[in-house]
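Novice: Below: one structure in structure tokens.
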Amino acid sequence: MTNRVGAGDRKSWAREHFNGIENVLMPSFNPDLTELDEEGIRIDVRQSKRHGFFGSLCSVETGLTPEEKVRFVEIACDEAGNDYGISISLAGDTLEGDLELLAAAEKAGATHGLLSFPQAFVPKSQDDIYDYGRRLAESTNMGIYLFVSDKFGFGRFHPSGVPFDAYEKLADLPNVVAMKVGGMDAGMIYECFERFSDRLLVTSVNIGLIPLLRKSYDVRWTGAWTAEALQGPDQPHAVNMMKALLENRTDEAMGHYWRMAPALRTMMAIMAPLMPTGAYHWPLLKYQQWLSGGNGGLTRQPAMRVFQHNLQMIRGGLAAVGVQCPDPDEDFFLGRSNVARLRGGQAQAAE
Amino acid sequence: MSVGRHERKAWARDALVGLENAIMPSFSADMKSLDEEGIRWDVRQAIAQGFFSTMCAVETGLTTEEAKRFISIVCDEAKGQLLVSFTLLNNSFAESLELLAHAEAAGCSHALLGYPASFRPRSPDEIYEKTAMLAESTNLGLVMYVSDKFDFGRFHPSQVPFEAYDRVADLPNIVSLKVGFGDPATAYECFERYGERMLVNVGTPWLIGLFPLLREKYGAQWFGGGAWEMWQSPDRPYLVDYHRHVMAGEYDQARAIYWRIAPATQIMMGSIARGGDAGMYHWPFGKYVSWSVGGNGGAMREPAQRLNPMMMQSRRMALRAIGIEPPDEDDSQFWIGRARAARANGEAVATAQLRSAW
């Protein structure tokens with residue numbers, strides 16, 4: 001099915017499209033971080049396809065101007081072509097800004113958007129949450145996936161932090177297609193699957209939980225997260241695990257899971273303590289991608305800092321699952337396309 | 001009731017239903033001897049909480065003789081009202097064998113398998129051999145323990161030596177398996193592999209929320225030795241009720257309770273409730289959790305992790321968040337313990353416990 005479908009067809013489109021893993025794309029910049037690096041972004045899209053993901057989420061909340069956000073999405077869509085999904089995070093500062101971004105993204109060929117809420121959004125009721133989500137959903141033909149995350153501060157509506165009344169109504173909208181359950185509380189995950197599995201493609205970011213969840217629910221995908229932390233294009237452990245699960249070869253899937261477990265362990269050791277901050281460590285996520293051929297490079301301030309001991313741990317974790325990176329860490333800080341240009345070669349040579 | 005080794009698997013299906021807490025010893029003021037009345041207090045408290053079993057944590061700085069005495073006191077007080085188990089997390093296999101023999105005579109029904117820190121097996125066969133030796137020495141039911149503290153990662157990335165446990169599971173008195181850490185794939189492997197052969201349990205707070213699924217798919221029916229007092233008091237036995245509703249298939253009621261106690265989970269399971277990942281439990285905090293809902297309390301022997309005021313305040317806050325009023329007493333009273341305080345006031349301990357009912 002083509003990626004350009006009307007809002008009313010999005011639920012069935014999603015059922016075909018959401019199979020496997022969706023990763024995250026972060027922008028790349030020139031060495032002084034003043035401009036986007038188009039070639040670096042393209043490298044990451046090609047790299048994502050080589051990994052075997054079904055789609056990539058453009059993280060636009062990475063210090064970009066509104067124009068740069070659109071450009072980032074346009075480059076990603078252009079490189080992705082028609083057979084690969086590009087989504088965007090609706091994590092702007094205002095509703096108006098996200099409405100504009102959504103319109104531009106649809107024009108560029110993006111397929112779906114992850115519903116987030118701005119820092120300053122302080123709803124008085126779940127109706128406010130519903131209205132916010134509805135305005136975005138009704139403005140587009142793209143699919144919208146709901147995001148369960150504690151970063152929105154919705155604990156006053158339900159102890160789980162999930163505004164269930166609002167999400168129940170949003171789930172009924174024709175182009176609301178899926179749900180990313182971003183927390184780790186087992187009861188919350190269970191509750192989301194129980195309530196929404198009949199209408200949405202619900203998933204957990206906790207990949208180790210998916211075999212158990214599939215005993216009760218038709219979990220078809222996981223994302224959007226940096227699955228490159230667990231695999232390389234030539235060692236696609238996580239992608240193979242999901243593929244085996246979807247084909248009900250569960251023993252084989254668990255084999256892939258345990259093969260990548262050392263990398264998962266090091267990733268969680270570094271990333272889990274950062275989860276309650278409500279922000280992401282963009283540079284380390286880019287480092288994870290860089291180790292298996294992603295472009296790499298830093299992102300703009302404000303950004304979390306990179307420490308040598310973290311790099312060593314991540315590198316060691318991936319090496320333990322067969323992903324060996326021959327390049328020195330100093331190359332990461334610039335990114336492959338910048339390094340290639342500085343050394344007088346073509347960026348593509350970096351791949 | 002005396003049950004033979006070969007009847008233990010069938011026995012377990014009937015007997016191991018509900019929540020089992022962990023009971024820690026209480027001591028005299030100079031910490032030199034056990035405080036029998038304090039220990040008995042905690043047994044009565046476990047009954048009042050609605051638990052079906054209590055697990056004696058003997059890896060709390062006791063001599064072997066003290067561990068035996070601790071187990072005997074608990075069994076005597078529990079008689080007919082509560083099952084009693086204990087931990088085989090000892091300094092040597094010889095000590096574990098000695099405790100198994102004693103515990104069987106004292107009236108324990110089961111024990112949690114563990115391995116000494118000095119046990120560095122070179123193959124899964126060695127794990128099997130040592131475990132079989134323990135199992136064959138006793139008529140007690142034994143609960144296998146999936147825990148990263150044994151450092152078995154070299155046999156399987158999950159830290160579970162499946163090759164050995166697959167064989168251990170066939171021993172007649174291996175009745176259950178406690179899943180002691182929260183990695184969901186490990187839990188899945190354990191339930192898939194062993195769910196039909198034994199009672200795989202909820203052995204960590206991280207799995208509480210999945211209990212309805214685990215019940216439905218694998219027949220899970222009990223929560224293994226843990227500080228389940230974290231989420232309830234005798235007057236408000238939320239977790240016991242949660243378990244009861246799930247067992248009855250009343251998932252909506254169960255979920256309502258789960259969300260009622262979620263604020264306590266969020267407060268306690270952040271940085272406060274460390275222990276599992278250090279390979280050593282925070283006994284003073286465990287006792288404080290119990291004391292804050294009517295348990296005896298009192299200090300624990302060194303070596304022990306430290307309990308600080310911030311942790312105590314967090315616990316009080318967590319209780320208030322789920323509608324349980326924390327103790328009136330100043331936290332300084334915790335260090336004394338209720339049985340000792342009653343004696344100091346010239347009050348009968350049993351009377352004091354009734355007066356302080358939660």
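Novice: In segment B:249-266, what residues are out of contact with any Gly (no Cβ under 6 Å at 6 or more places or on another chain), within 13 Å of another protein chain (Cβ to nearest Cβ) and at pLDDT 95 or above? If you could, list the steps in order and put the result at the bottom.
Specialist: First, the residues of segment B:249-266 that are out of contact with any Gly (no Cβ under 6 Å at 6 or more places or on another chain): B:249-257, B:259-266.
This time we only want the ones that are within 13 Å of another protein chain (Cβ to nearest Cβ), so: B:251-252, B:254-257, B:259-266.
Selection gives B:TYR251, B:ASP252, B:ALA254, B:ARG255, B:ALA256, B:ILE257, B:TRP259, B:ARG260, B:ILE261.
Novice: Given (1) in contact with a Gly (Cβ under 9 Å, 6 or more places away or on another chain); (2) within 14 Å of chain A (Cβ to nearest Cβ), where does B:VAL146 come up short, assuming only one miss?
Specialist: Answer for B:VAL146: the failing condition is (2).
Novice: Give the residue, chosen from B:LEU177, B:LEU207, that is surrounded by 21 or more Cβ atoms within 10 Å (Cβ to Cβ), modelled with pLDDT of 95 or more and within 21 Å of the chain's Cα centre (by Cα). Walk me through it before giving the result.
Specialist: Values: B:LEU207 fails: modelled with pLDDT of 95 or more.
That would be B:LEU177, the only listed residue that is surrounded by 21 or more Cβ atoms within 10 Å (Cβ to Cβ), modelled with pLDDT of 95 or more and within 21 Å of the chain's Cα centre (by Cα).
Novice: Conditions first: (1) in contact (Cβ under 8 Å) with a residue 24 or more places away in the chain; (2) over 26 Å from A:GLY63 (Cα atoms). A:LEU291 passes all but one, so which condition is the exception?
Specialist: Single failed check for A:LEU291: (2).
Novice: Are there any pairs with C-beta distances below 6 angstrom linking a residue in segment B:212-231 that is small (Gly, Ala, Ser) to a residue that is in a helix (DSSP H, G or I), with the two at least 6 apart or on different chains, and if so which?
Specialist: Listed pairs, sorted by first residue: B:ALA220/B:LEU214; B:ALA227/B:GLY286; B:ALA227/B:VAL289.
Novice: Quick check: anything in segment B:50-63 over 21 Å from B:GLY203 (Cα atoms) and either surrounded by fewer than 16 Cβ atoms within 10 Å (Cβ to Cβ) or not hydrophobic (A, V, I, L, M, F, W, C) (or both)?
Specialist: Kept after step one, since they are over 21 Å from B:GLY203 (Cα atoms), are these residues of segment B:50-63: B:61-63.
From what is left, the residues that are either surrounded by fewer than 16 Cβ atoms within 10 Å (Cβ to Cβ) or not hydrophobic (A, V, I, L, M, F, W, C) (or both) are B:61, B:63.
Scanning segment B:50-63 turns up at least one residue that is over 21 Å from B:GLY203 (Cα atoms) and either surrounded by fewer than 16 Cβ atoms within 10 Å (Cβ to Cβ) or not hydrophobic (A, V, I, L, M, F, W, C) (or both).
Novice: Also: Take the residues in segment A:149-158 that are farther than 15 Å from B:ARG255 by Cβ and within 11 Å of another protein chain (Cβ to nearest Cβ), then tell me which one is surrounded by the most Cβ atoms within 10 Å (Cβ to Cβ). Outline the logic, then answer.
Specialist: Keep residues of segment A:149-158 that are farther than 15 Å from B:ARG255 by Cβ, which gives A:149-157.
From the residues that got through so far, the ones that are within 11 Å of another protein chain (Cβ to nearest Cβ) too are A:150, A:155.
On the way: A:ASP150: 19, A:GLY155: 15.
So, considering only residues that are farther than 15 Å from B:ARG255 by Cβ and within 11 Å of another protein chain (Cβ to nearest Cβ), the one surrounded by the most Cβ atoms within 10 Å (Cβ to Cβ) is A:ASP150.
Novice: Out of A:ALA261, A:ALA269, report the one residue that is part of a helix (DSSP H, G or I), farther than 17 Å from B:GLU189 by Cα and of a type in the set (A, V, I, L, M). Show your work before the answer.
Specialist: Numbers: A:ALA261 fails: farther than 17 Å from B:GLU189 by Cα.
On inspection, the qualifying residue turns out to be A:ALA269.
Novice: Does A:PHE18 qualify as being in contact with a Lys or Arg (Cβ under 6 Å, 6 or more places away or on another chain), at pLDDT 95 or above and not polar (S, T, N, Q)?
Specialist: Numbers: in contact with a Lys or Arg (Cβ under 6 Å, 6 or more places away or on another chain): yes; at pLDDT 95 or above: yes; not polar (S, T, N, Q): yes.
In short, yes.
Novice: Next up: Restricting the search to segment B:276-301, which residues are on the phi > 0 side of the Ramachandran plot and modelled with pLDDT of 90 or more?
Specialist: Filtering segment B:276-301 down to residues on the phi > 0 side of the Ramachandran plot leaves B:279, B:294, B:297-298.
Within segment B:276-301, B:GLY294, B:GLY297, B:GLY298 qualify.
Novice: Could you grab the pairs with beta carbons closer than 6 Å, sequence gap of 6+ or different chains, first residue in segment B:42-65 and touching a residue at least 24 places away in the same chain (Cβ under 8 Å) and more than 11 Å from B:ILE23 (Cβ to Cβ), second one among the small types (Gly, Ala, Ser) and part of a strand (DSSP E or B)?
Specialist: B:PHE52/B:GLY18
Novice: Restricting segment A:159-210 to residues that are within 24 Å of A:TYR280 (Cα to Cα) and charged (D, E, K, R), which is nearest to the other protein chains (Cβ to nearest Cβ)?
Specialist: A:ASP185
Novice: State all residues of segment B:221-237 that are within 24 Å of B:TRP283 (Cα to Cα), outside any helix (DSSP H, G or I) and either touching a strand residue (DSSP E or B) at 6+ places or on another chain (Cβ under 8 Å) or within 14 Å of chain A (Cβ to nearest Cβ) (or both); if no residue qualifies, say none.
Specialist: B:TRP222, B:PHE223, B:GLY224, B:GLY225, B:GLY226, B:ALA227
Novice: Just to be sure, is B:ARG320 among the charged types (D, E, K, R) and modelled with pLDDT of 95 or more? Please lay out each step first, then the result.
Specialist: On the way: among the charged types (D, E, K, R): yes; modelled with pLDDT of 95 or more: yes.
Judged against the criteria, B:ARG320 is a match.
Novice: While we're here: Can you tell me which of A:ILE75, A:ILE88 is out of contact with any strand residue (DSSP E or B) (no Cβ under 7 Å at 6 or more places or on another chain) and surrounded by 24 or more Cβ atoms within 10 Å (Cβ to Cβ)? Explain how you work it out, then say what you get.
Specialist: On the way: A:ILE88 fails: out of contact with any strand residue (DSSP E or B) (no Cβ under 7 Å at 6 or more places or on another chain).
Step by step, each of A:ILE75, A:ILE88 is checked, and only A:ILE75 is out of contact with any strand residue (DSSP E or B) (no Cβ under 7 Å at 6 or more places or on another chain) and surrounded by 24 or more Cβ atoms within 10 Å (Cβ to Cβ).
Novice: Let me ask another. Quick one: would you say A:LEU246 is more than 11 Å from chain B (Cβ to nearest Cβ), touching a residue at least 12 places away in the same chain (Cβ under 8 Å) and under 17 Å from the mean Cα position of the chain (by Cα)?
Specialist: Values: more than 11 Å from chain B (Cβ to nearest Cβ): yes; touching a residue at least 12 places away in the same chain (Cβ under 8 Å): yes; under 17 Å from the mean Cα position of the chain (by Cα): no.
The answer is no for A:LEU246.
Novice: Go over the candidates B:VAL246, B:VAL240 one by one and state the one that is within 13 Å of another protein chain (Cβ to nearest Cβ) and either part of a helix (DSSP H, G or I) or in contact (Cβ under 8 Å) with a residue 12 or more places away in the chain (or both).
Specialist: Matching residue, one of B:VAL246, B:VAL240: B:VAL246.
Novice: For segment A:27-47, enumerate the residues that are outside any loop (DSSP other than H, G, I, E, B) and among the polar types (S, T, N, Q).
Specialist: If the condition is that a residue be outside any loop (DSSP other than H, G, I, E, B) and among the polar types (S, T, N, Q), then A:GLN47 is the only one that fits.
Novice: Select from segment A:297-320 the residues that are crowded, with 16+ Cβ neighbours inside 10 Å, outside any helix (DSSP H, G or I) and in contact (Cβ under 8 Å) with a residue 60 or more places away in the chain and list them in ascending order.
Specialist: Of everything in segment A:297-320, those that are crowded, with 16+ Cβ neighbours inside 10 Å, outside any helix (DSSP H, G or I) and in contact (Cβ under 8 Å) with a residue 60 or more places away in the chain turn out to be A:GLY297, A:LEU298, A:THR299, A:ALA303.
Novice: From the list A:MET241, A:MET142, exactly one residue is within 13 Å of chain B (Cβ to nearest Cβ), modelled with pLDDT of 95 or more and crowded, with 24+ Cβ neighbours inside 10 Å. Which is it?
Specialist: Working: A:MET142 fails: within 13 Å of chain B (Cβ to nearest Cβ).
Step by step, each of A:MET241, A:MET142 is checked, and only A:MET241 is within 13 Å of chain B (Cβ to nearest Cβ), modelled with pLDDT of 95 or more and crowded, with 24+ Cβ neighbours inside 10 Å.
Novice: Which of the residues spanning segment B:47-72 are part of a helix (DSSP H, G or I) and touching a Cys at 6+ places or on another chain (Cβ under 9 Å)?
Specialist: B:ALA67, B:PHE70, B:ILE71, listed by residue number.
Novice: Next question, about the same structure. Does B:MET269 meet the test of being at the interface with chain A (Cβ under 10 Å from one of its Cβ atoms), within 24 Å of B:MET310 (Cα to Cα) and at pLDDT below 95? Can you show your working first?
Specialist: Working: at the interface with chain A (Cβ under 10 Å from one of its Cβ atoms): yes; within 24 Å of B:MET310 (Cα to Cα): yes; at pLDDT below 95: yes.
Yes; evaluated as a whole, the condition is true for this residue.
Novice: If I filter segment B:257-265 for residues that are touching a residue at least 40 places away in the same chain (Cβ under 8 Å), buried (at least 17 other Cβ atoms within 10 Å of the Cβ) and within 23 Å of B:VAL43 (Cα to Cα), do I get at least one hit?
Specialist: First, the residues of segment B:257-265 that are touching a residue at least 40 places away in the same chain (Cβ under 8 Å): B:258, B:260-261, B:263-265.
From what is left, the residues that are buried (at least 17 other Cβ atoms within 10 Å of the Cβ) are B:258, B:260-261, B:263-265.
Of the ones still in play, those that are also within 23 Å of B:VAL43 (Cα to Cα) are none.
No, the conditions are met nowhere in segment B:257-265.
Novice: Looking at segment B:167-193 only, could you name the residues that are part of a helix (DSSP H, G or I) and within 14 Å of chain A (Cβ to nearest Cβ)?
Specialist: In the first step, residues of segment B:167-193 are kept if they are part of a helix (DSSP H, G or I); the result is B:167-168, B:184-193.
Listed by number, the residues that qualify are B:PRO184, B:ALA185, B:THR186, B:ALA187, B:TYR188, B:GLU189, B:CYS190, B:PHE191, B:GLU192, B:ARG193.
The values are calculated or read from the model by the stated rules, or taken from the named source; none is laboratory data. Since we're looking at a predicted model, the values are computed, not measured. Note that we place each Cβ from the backbone using ideal geometry, even for glycine, and neighbour counts take in every protein chain shown.
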